[in-house]
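*Asks:* My structure is below; once you've seen it, I'll send some questions.
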Amino acid sequence: MNSHQAHGADSATTSATVLDRLSPRGRLVGLDVARGIALLAMMVTHIFALGDETGMPTWAAAFAGRASALFAVLAGCSLVLSTRSRLAESGRLRDAAPSVLIRAAAIVLIGLCLGSISSLLAVILVNYGVMFALALFFLRLRASTLFVLAGVWMVLSPVVSMIVRSEFGLEPGYLPLSWFDLATPGPMLTDLFLTGYYPVLQWLSYILLGMALAKLDINRHLLAVFTAGLGLFVLGRGVSWLLLNLAGGGAELVDVSEYFGTDLTAALFTGSHGVTPATSWWWLAIAGPHSGTPFDLLSTGGTALMTIAACQAAAVLLGRKSWLLAPLSAPGSMPLSVYSAHVVFLESTRPMIVAQPWEGTGTASEQTLEFAIHALTFVLLPLLWKMFVNPRGPFESGIAAIIRSATPVPAAPAAAAESSGPPDSPGAPESPGSPDPNAPR
């Protein structure tokens with residue numbers, strides 16, 4: 001072989017390696033694409049104003065509540081996919097539990113650090129870490145059971161929240177959880193589970209929905225997943241509209257809002273700080289973003305299912321050319337690193353002002369420029385990192401290394417290997433043989 005042939009062979013090998021990193025065999029690239037979309041949609045809600053000077057919603061409000069819900073559903077998928085190999089090898093939940101708890105603890109620690117520096121954003125990581133740990137109790141359930149449980153949780157958990165908050169006079173909170181909150185564990189736990197921006201009581205339903213989805217063979221059920229998502233969206237938005245406009249709920253809320261000084265327009269279109277006021281049961285009829293009502297959970301959960309199905313369908317259609325989706329799948333494959341870097345970048349580049357995140361800062365052109373900088377940065381850097389450094393992001397790699405060293409994969413007993421998982425949980429893993437294919441957000 002002459003030098004030109006050798007050089008051509010080396011170039012072909014390098015190109016194949018890069019493409020394999022961008023589109024790994026056996027990985028559900030569509031889930032990474034969905035995470036990439038969620039990251040960019042999240043940046044929209046962090047940077048652009050969600051309401052105009054009159055209080056009416058802007059175009060950016062269309063993403064409010066949906067990006068974070070999509071993250072949560074995908075986190076449930078990751079939990080199942082990242083523990084599948086361990087459960088299959090031994091059949092024992094206790095062999096998968098340490099890796100989940102290590103991952104959850106790492107996410108909580110990173111979240112507390114980000115919350116300590118954040119003055120603009122409600123950082124979700126502490127809530128995610130806690131939900132990951134709680135989800136262990138549901139990890140061995142079948143897909144059908146998890147789907148039913150997720151639906152029941154979406155309907156009943158807001159009712160339980162309303163009863164508890166009304167009984168004890170708890171008000172919605174907004175401040176992100178940080179290291180400083182450890183000094184007041186009672187209020188911290190209250191914010192975490194009941195009154196914060198991402199109340200675990202209601203948001204666990206998204207995790208359960210994602211776990212149920214991951215226990216299916218997603219590629220075989222793409223149309224069914226999309227149809228189910230569309231049905232949930234129509235159910236959530238449709239029944240809410242009927243209750244507010246035909247059953248008199250809207251008029252009741254106008255009176256309640258005027259009496260208590262609540263911004264009804266904001267609650268309906270731009271956000272309710274995570275939960276609605278507890279001043280009327282009619283609040284549970286709205287489907288506004290971050291309201292934590294049954295109709296908010298149903299509609300945003302449905303949007304998440306539709307997005308995941310569409311993204312995975314695109315990846316399936318492209319086949320080995322799914323590397324064309326890399327501008328979205330690359331950041332989506334390292335969401336914990338990208339999310340954390342985005343929070344730090346946003347905090348370091350914005351002025352320290354007293355403002356609500358949904359009001360935005362600067363003019364429309366300034367917000368557009370700021371978003372373009374964030375979007376380009378967090379598309380190009382993950383692409384370069386994934387191609388030339390590591391298929392995983394920095395945080396994802398670190399957590400995976402800790403898990404590998406602390407919890408080696410156990411040998412599979414013969415009896416356990418024969419019944420390693422429920423019959424409705426087949427499907428290609430996102431990253432075969434990897435103990436942590438997708439670190440959660």
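No lab work stands behind these numbers, since they all come straight from the coordinates. Keep in mind it's a predicted model, so treat the numbers as computed, not measured. A quick note on method: Cβ atoms are made from the backbone with ideal geometry, for glycine too, and the neighbour counts reach across all protein chains shown.
*Asks:* So, counting K/R as plus one and D/E as minus one, what does the shell of residues with Cβ under 13 Å around GLY196 add up to? Intermediate values should be presented prior to the final figure.
*Replies:* Values: positive: ARG165; negative: GLU171, ASP181, ASP191.
Charge balance near GLY196 sits at -2.
*Asks:* Follow-up question, since we're still on this one. Whole-Å semi-axes of the stretch 99-228's equivalent ellipsoid, largest first, each the root of 5 times a Cα gyration tensor eigenvalue? Kindly include the intermediate steps, with their values, before the conclusion.
*Replies:* Values: eigenvalues 161, 70, 32 Å².
So the equivalent ellipsoid measures 28, 19, 13 Å along its semi-axes.
*Asks:* Another question, then. Which of the peptides 218-226, 43-51, 77-85, 327-335 is most tightly packed, and how do the rest follow, going by the mean number of other Cβ atoms within 10 Å of each residue? Show your work: numbers first, answer last.
*Replies:* Working: 218-226: 16.1, 43-51: 22.8, 77-85: 24.7, 327-335: 27.4.
In decreasing order of mean packing, 218-226, 43-51, 77-85, 327-335 become 327-335, 77-85, 43-51, 218-226.
*Asks:* Something else now. Divide, for the stretch 263-398, the radius of gyration over alpha carbons by 2.2 N^0.38 Å, where N is the residue count. Walk me through the intermediate numbers first.
*Replies:* Working: Rg = 18.8 Å, N = 136, 2.2 N^0.38 = 14.2 Å.
Scaled against compact globular proteins, the figure is 1.32.
*Asks:* What Kirkwood hydrodynamic radius do you get for the stretch 281-337 when you take the inverse of the mean 1/r over all pairs of distinct Cα atoms, in Å? Each step should come with its number before you reach the end.
*Replies:* Values: mean 1/r = 0.0734 Å⁻¹.
Final number for the Kirkwood radius of the stretch 281-337 is 13.6 Å.
*Asks:* Express in whole angstrom the spacing between the alpha-carbon centres of the stretch 147-218 and the stretch 237-316.
*Replies:* Measuring centre to centre over Cα atoms gives 16 Å.
*Asks:* Can I ask one more? Using only alpha carbon pairs under 8 Å that are at least six residues apart, calculate the relative contact order of the stretch 199-354 and give it in whole percent.
*Replies:* Working: 153 pairs, mean separation 42.4, N = 156.
In percent, rounded to a whole number, it is 27.
*Asks:* Expected output is a single nm value to one decimal: the length gained when fully extending between LYS321 and SER119, i.e. 0.36 nm times separation in residues minus the C-alpha distance. What is it? Before the final figure, lay out each step's value.
*Replies:* Details: separation 202, 0.36 × 202 = 72.72 nm, distance 4.15 nm.
This chain segment gains 68.6 nm when fully extended.
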